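**Student:** Submitted below is the structure of interest, expressed as structure tokens.
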Amino acid sequence: MESWRGRRGSVSQGIRLLVVSAHAADFVWRAAGAIATVTQNAGTARVVALSYGERGESGELWKQPGQTEEKVKEIRRSEAEAAAQILGAAFVPFDLGDYPLEIDRAAVDRLTQEIRDFEPTVILTHAKEDPFNPDHGTAYQLTERARQLASGAGVASAFKTIAPPEFLLFEPHQPELSGFYPNTFLDITPVFALKTAAMEKMGAQQYLREYYSQRATQRANHARRITGNKNILQAEAFQRVSPQVMSHF
Ligand SMILES: [Zn+2]
């Protein structure tokens with residue numbers, strides 16, 4: 001992960017990646033490659049799922065007669081846990097409910113504490129807006145707020161602060177309509193088999209597997225043209241929010 005060079009030295013080593021996912025599966029489609037890249041290179045990754053996506057993103061499960069919200073949540077939790085395990089990440093469900101995902105003071109405090117405790121060097125979450133989904137933008141707002149509260153203003157504060165993590169957004173389903181500007185690409189070729197295995201665990205949304213495999217191939221095409229590196233076969237795209245600070249070109 002060339003551009004996510006840890007503050008403590010070698011590539012990926014010492015990287016602590018926090019992914020905040022509105023629903024249980026979002027992190028798998030959009031950031032599984034990033035997570036696996038970190039964990040395969042001696043870094044640590046943690047996924048916070050704000051909800052299980054039990055109401056808005058589990059349509060296939062609701063086709064079963066006699067289905068209940070509790071059963072759907074249980075299935076989604078075990079799928080997401082299995083996917084996170086394949087990727088080598090811890091899975092932390094907040095179970096705040098979806099459609100709508102609503103954020104109260106307790107949720108802000110909880111995510112802020114999570115960030116203070118884990119001290120991520122990189123945070124990934126949803127784009128600022130998503131005209132097709134009421135919860136993805138809410139997840140962005142919560143993450144942005146908690147990130148600011150945990151790191152303060154970059155100076156000493158009345159509360160414990162952490163070094164400001166790098167902040168990037170992962171790719172939404174309809175990027176142009178969500179105002180997503182892909183200015184950072186990650187070569188996920190070495191870990192793509194892990195992403196595929198993680199996607200296969202999400203039984204309730206199998207229709208997305210092909211879509212996100214194609215996306216990885218298309219983003220790799222862009223990454224090859226940007227770099228001239230012909231060995232990039234799969235890539236994930238991100239939008240970097242925090243400016244990059246360098247000590248050399
Ligand atoms: Zn979602």
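The values are calculated or read from the model by the stated rules, or taken from the named source; none is laboratory data. Given the structure is predicted, the values throughout are model-derived calculations rather than measurements. Using ideal geometry, Cβ is built from the backbone for each residue, glycine included, and neighbour counts are taken over all protein chains shown.
**Student:** Those residues that are free of Cβ contacts under 8 Å to residues at least 60 places away in the same chain and within 16 Å of the ligand (Cβ to nearest atom), I need them from the stretch 138-149; list them, please.
**Tutor:** Those that are free of Cβ contacts under 8 Å to residues at least 60 places away in the same chain and within 16 Å of the ligand (Cβ to nearest atom): 140, 141.
**Student:** As an exercise: evaluate residue 184 against (1) free of Cβ contacts under 8 Å to residues at least 60 places away in the same chain; (2) out of contact with any helix residue (DSSP H, G or I) (no Cβ under 8 Å at 6 or more places or on another chain); (3) among the polar types (S, T, N, Q) and give the number of the one condition it does not meet.
**Tutor:** Going through (1) free of Cβ contacts under 8 Å to residues at least 60 places away in the same chain; (2) out of contact with any helix residue (DSSP H, G or I) (no Cβ under 8 Å at 6 or more places or on another chain); (3) among the polar types (S, T, N, Q) one by one, residue 184 breaks only (1).
**Student:** Ok, one more. Out of (1) within 16 Å of the ligand (Cβ to nearest atom); (2) buried (at least 24 other Cβ atoms within 10 Å of the Cβ); (3) at pLDDT 95 or above; (4) over 13 Å from the mean Cα position of the chain (by Cα), what's the single condition that is false for residue 57?
**Tutor:** Residue 57 satisfies all of (1) within 16 Å of the ligand (Cβ to nearest atom); (2) buried (at least 24 other Cβ atoms within 10 Å of the Cβ); (3) at pLDDT 95 or above; (4) over 13 Å from the mean Cα position of the chain (by Cα) except (3).
**Student:** Suppose we keep only residues that are of a type in the set (D, E, K, R) and surrounded by 24 or more Cβ atoms within 10 Å (Cβ to Cβ) within the stretch 15-46. Which one would you say is farthest from the ligand (Cβ to nearest atom)?
**Tutor:** Ranking the qualifying residues of the stretch 15-46, first place goes to 30.
**Student:** Among all residue pairs at least 6 apart or on different chains, which show Cβ distances below 7 Å where the first residue, located in the stretch 121-136, is over 16 Å from residue 31 (Cβ atoms) and the second is more than 13 Å from the ligand (Cβ to nearest atom)?
**Tutor:** 128/179; 129/179; 131/177
**Student:** Looking only at the stretch 162-184, filter to residues that are over 17 Å from residue 29 (Cβ atoms) and polar (S, T, N, Q); which one of those is farthest from the chain's Cα centre (by Cα)?
**Tutor:** 183
**Student:** Within the stretch 80-99, how many residues turn out to be assigned to a helix (DSSP H, G or I) and either over 16 Å from residue 55 (Cα atoms) or away from the ligand (no atom under 16 Å from the Cβ) (or both)? Before the answer, list the steps.
**Tutor:** Applying the first criterion (assigned to a helix (DSSP H, G or I)) to the stretch 80-99 yields 80-87.
Remaining after also requiring either over 16 Å from residue 55 (Cα atoms) or away from the ligand (no atom under 16 Å from the Cβ) (or both): 81-87.
Matching residues across the stretch 80-99 total 7.
**Student:** Suppose the filter is polar (S, T, N, Q) and modelled with pLDDT of 95 or more; does residue 161 pass it?
**Tutor:** For residue 161, the condition - polar (S, T, N, Q) and modelled with pLDDT of 95 or more - is not met.
**Student:** Check off (1) at pLDDT below 95; (2) surrounded by 18 or more Cβ atoms within 10 Å (Cβ to Cβ); (3) more than 16 Å from the ligand (Cβ to nearest atom); (4) more than 30 Å from residue 232 (Cβ to Cβ) for residue 12 and give me the number that stays unchecked.
**Tutor:** For residue 12, the exception is condition (4).
**Student:** Here is a further query. Pick from the stretch 113-137 the residues that are among the hydrophobic types (A, V, I, L, M, F, W, C) and more than 16 Å from the ligand (Cβ to nearest atom): which of them is nearest to residue 152 (Cα to Cα)?
**Tutor:** 115
A quick yes/no check of all residues on (1) crowded, with 17+ Cβ neighbours inside 10 Å; (2) within 16 Å of the ligand (Cβ to nearest atom); (3) of a type outside the set (D, E, K, R):
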{"residue": "71", "(1), (2), (3)": "no, no, no"}
{"residue": "78", "(1), (2), (3)": "no, no, yes"}
{"residue": "101", "(1), (2), (3)": "yes, yes, yes"}
{"residue": "107", "(1), (2), (3)": "yes, no, yes"}
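**Student:** Would a scan of the stretch 108-129 turn up a residue that is touching a Phe, Trp or Tyr at 6+ places or on another chain (Cβ under 6 Å), modelled with pLDDT of 95 or more, of a type in the set (D, E, K, R) and not in a helix (DSSP H, G or I)?
**Tutor:** Yes - at least one qualifying residue is present in the stretch 108-129.
**Student:** Evaluate the stretch 144-154: report whether one residue or more is assigned to a loop (DSSP other than H, G, I, E, B) and at negative phi.
**Tutor:** Within the stretch 144-154, the first condition is being assigned to a loop (DSSP other than H, G, I, E, B), and the residues that meet it are 152-154.
Then drop every residue that is not at negative phi, which leaves 153.
Looking for residues that are assigned to a loop (DSSP other than H, G, I, E, B) and at negative phi, one finds at least one in the stretch 144-154, hence yes.
**Student:** Answer with yes or no whether residue 186 is modelled with pLDDT of 95 or more, within 16 Å of the ligand (Cβ to nearest atom) and either out of contact with any Leu (no Cβ under 9 Å at 6 or more places or on another chain) or in a loop (DSSP other than H, G, I, E, B) (or both).
**Tutor:** no
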